[in-house]
Structures are given as C-alpha cells and as structure tokens.
Amino acid sequence: MTDFPDDIFTEPEDVDPDTLANPGPLTPLAGVWEGRKGVDLNPKAEGPERRDFLERIEIQPIDPQANGPQLLYGLRYHIHILASDEDATFHDQIGYWLYEPATGLVMQTLALPRGQTALASGRAAPDGSSLTIRAERGGPGYGICSTDFLDWAFRTDSYELAVTFHDDGGWSYVSTTMLQVRGRTEPFRHLDRNTLTKVAEPTPNPLARIRAGQASKLEAHGF
Ligand code: HEM
C-alpha cells in the first residue's frame with residue numbers, strides 16, 4: 001500500500017485529546033472485563049489438550065499518537081488468564097489496540113512472555129458488530145516474531161482474532177494461532193475463546209483529564 005503523503009513529518013493539528021470519544025470500532029472494548037468460561041486448545045506431546053480458564057482484561061485509553069501525519073487512537077491492554085485448576089498464570093499478554101480514523105485501519109500489538117511479539121491488522125465490520133485482525137509470520141509489515149527455540153519447535157505461522165460485540169455491552173472472541181509443531185505433519189490449530197463482561201468503566205486518558213481540568217499533568221500521568 002503506497003497511498004501515503006509526501007510530507008512524512010508534519011503532524012496533524014487540532015487533535016481531539018479525548019481518546020474515549022475517538023477509537024471508532026474499538027470503543028466497546030474500553031474498560032475492565034472478566035470472563036469465567038474460557039476454553040483453550042493447546043499442543044501437548046500426547047496430543048491436543050483442552051483447558052477451561054478464567055480471564056481478566058484491563059483495556060484503558062492512551063493519549064493520541066502521531067507517526068508524522070498518521071494519527072492513531074489507542075487502548076493499552078493487559079490480559080491475565082488462570083486455568084480453572086491451577087494457581088500459576090496460564091497466559092499473560094500485553095499490548096495496544098490501535099485505530100486510524102483516516103483509513104479505518106485497526107491494529108493490535110501482542111507481547112507474550114514466552115518470547116513472542118506480533119502486530120496484527122484488520123478492519124471492523126461496516127455495522128461495527130465485529131472486527132477481525134490477522135498477522136502472518138514472515139510478512140514485511142504485520143507479522144509475528146518468536147524466539148529461535150519457538151520458531152524451531154512451535155513455529156507460529158499465523159494469528160487471527162475475531163471479536164464479536166454483543167447487544168448487552170459484552171463481547172466475545174475466538175483466537176486462532178496456527179502452529180507448526182516440530183515432528184508433526186499437520187499444522188496445529190491453537191484455539192482460544194471466551195466471553196467478557198464489564199466489571200469497571202475505563203479511566204479517561206491523561207491528556208483528556210488534563211484538558212478537562214480533572215487532573216494536573218503529573219497526576220494524570222501517574223507520577
Ligand atoms: C487466550 C489466549 C491463550 C491461552 C490461554 C494460551 C495458552 C497456551 C497454553 C496452555 C499452551 C501450552 C503451554 C505449554 O505446554 O507449556 C500454549 C502454547 C503456545 N501458545 Fe498459547 N495461549 C493463548 C494465546 C496464544 C497466542 C495469541 C499466541 C501467539 C500469537 C500463542 C502462542 C503459543 C505458542 C507458540 C505455544 C507453543 C509453545 C509451548 O507449547 O510451549 N498463544 N498456549
């Protein structure tokens with residue numbers, strides 16, 4: 001895609017500081033969420049393992065971000081997952097949901113503590129009822145990076161996340177990660193799904209709180 005401006009340095013002016021008013025199709029994701037009926041299908045030596053899990057996700061607005069002329073509104077997220085039958089963390093993930101109002105582009109960054117990062121992109125359905133994002137290993141843009149060991153033993157070829165927004169304000173997801181497990185002939189479909197219910201409203205982003213006179217600069221930024 002080369003439909004970009006010649007001037008790559010000038011940032012947009014008159015940017016609305018209130019991220020919660022601008023993340024387009026990402027708006028219904030902002031807040032703190034819990035889901036107690038998650039299901040995971042992961043690769044084990046003896047074959048696919050199915051586990052039930054509990055999930056808590058915090059998704060908070062950040063200040064508007066410009067890459068030169070490219071304006072992005074974003075939400076920072078932290079996913080924490082516990083297996084129903086285990087005390088230790090089952091899955092942890094942090095990153096950003098990003099939206100470019102000028103083009104409708106939606107992105108998600110992922111960082112996983114197993115030594116894996118990804119940048120996935122996609123679009124929302126025109127009626128805003130769902131969105132899908134995807135990353136593929138080896139692409140020049142949106143892609144997946146793994147440790148050398150993971151790339152050798154559990155090569156992650158693609159990641160796709162489909163989010164559906166519900167009329168009651170909740171949402172659900174299906175995450176599909178295609179793994180090529182060393183020694184296996186067939187790719188493994190690592191599947192996760194859950195339905196989330198809101199347990200707290202989001203906190204407006206620092207710049208919005210400063211501009212609204214609700215907080216000083218240092219307070220708003222958590223100093
Ligand atoms: C709700 C989300 C997820 C949960 C609950 C989850 C859980 C798990 C579990 C329990 C394993 C097996 C771990 C082990 O045997 O040591 C696993 C393996 C793996 N997962 Fe996930 N996962 C999730 C999402 C993802 C995503 C989004 C990616 C990458 C984009 C990913 C990449 C991998 C890889 C590469 C492995 C193989 C490594 C291994 O088995 O040691 N997972 N996952």
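Key figures for this structure:
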| quantity | calculated |
| --- | --- |
| Boolean, V15 is surrounded by 13 or more Cβ atoms within 10 Å (Cβ to Cβ) and either more than 26 Å from A125 (Cβ to Cβ) or not hydrophobic (A, V, I, L, M, F, W, C) (or both) | yes |
| Which numbered condition L71 misses (of (1) under 28 Å from P5 (Cβ atoms); (2) away from the ligand (no atom under 16 Å from the Cβ); (3) in a loop (DSSP other than H, G, I, E, B)) | (3) |
| Cβ pairs under 6 Å, 6+ apart, first in segment 201-223 and closer than 18 Å to V15 by Cβ and touching a residue at least 60 places away in the same chain (Cβ under 8 Å), second hydroxyl-bearing (S, T, Y) and buried (at least 16 other Cβ atoms within 10 Å of the Cβ) | N205/T19 |
| Leading residue by the ranking (surrounded by the fewest Cβ atoms within 10 Å (Cβ to Cβ)) among those in segment 95-128 that are within 17 Å of A30 (Cβ to Cβ) and polar (S, T, N, Q) | T109 |
| Segment 157-172: number of residues that are part of a strand (DSSP E or B) and under 27 Å from E34 (Cβ atoms) | 9 |
| Cβ-Cβ under 6 Å pairs, at least 6 apart or on other chains, segment 82-96 side free of Cβ contacts under 8 Å to residues at least 60 places away in the same chain, far side in a loop (DSSP other than H, G, I, E, B) | D92/P113 |
| Residues within segment 173-204 that are in a strand (DSSP E or B) and away from the ligand (no atom under 12 Å from the Cβ), tallied | 5 |
| Complete set of residues in segment 154-172 that are within 14 Å of the ligand (Cβ to nearest atom) and either closer than 19 Å to A111 by Cα or exposed (fewer than 15 other Cβ atoms within 10 Å of the Cβ) (or both) | F154, R155, T156, D157, S158, Y159, E160, L161, A162, V163 |
| Breaking point among (1) away from the ligand (no atom under 14 Å from the Cβ); (2) at pLDDT 95 or above, for P23 | (2) |
| Selection from segment 100-123 of residues that are among the hydroxyl-bearing types (S, T, Y) and either within 11 Å of the chain's Cα centre (by Cα) or under 30 Å from R50 (Cβ atoms) (or both) | T109, T117, S121 |
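One line per residue, one yes/no per condition, for (1) near the ligand (Cβ under 10 Å from one of its atoms); (2) part of a strand (DSSP E or B); (3) of a type in the set (D, E, K, R):
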position: D16; (1), (2), (3): no, no, yes
position: T27; (1), (2), (3): no, no, no
position: E34; (1), (2), (3): no, yes, yes
position: G38; (1), (2), (3): yes, yes, no
position: L41; (1), (2), (3): yes, yes, no
position: P48; (1), (2), (3): no, yes, no
position: L54; (1), (2), (3): no, yes, no
position: E58; (1), (2), (3): no, yes, yes
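The values are calculated or read from the model by the stated rules, or taken from the named source; none is laboratory data. These numbers were taken from a predicted model, which means no experiment stands behind them. Note that we place each Cβ from the backbone using ideal geometry, even for glycine, and neighbour counts take in every protein chain shown.
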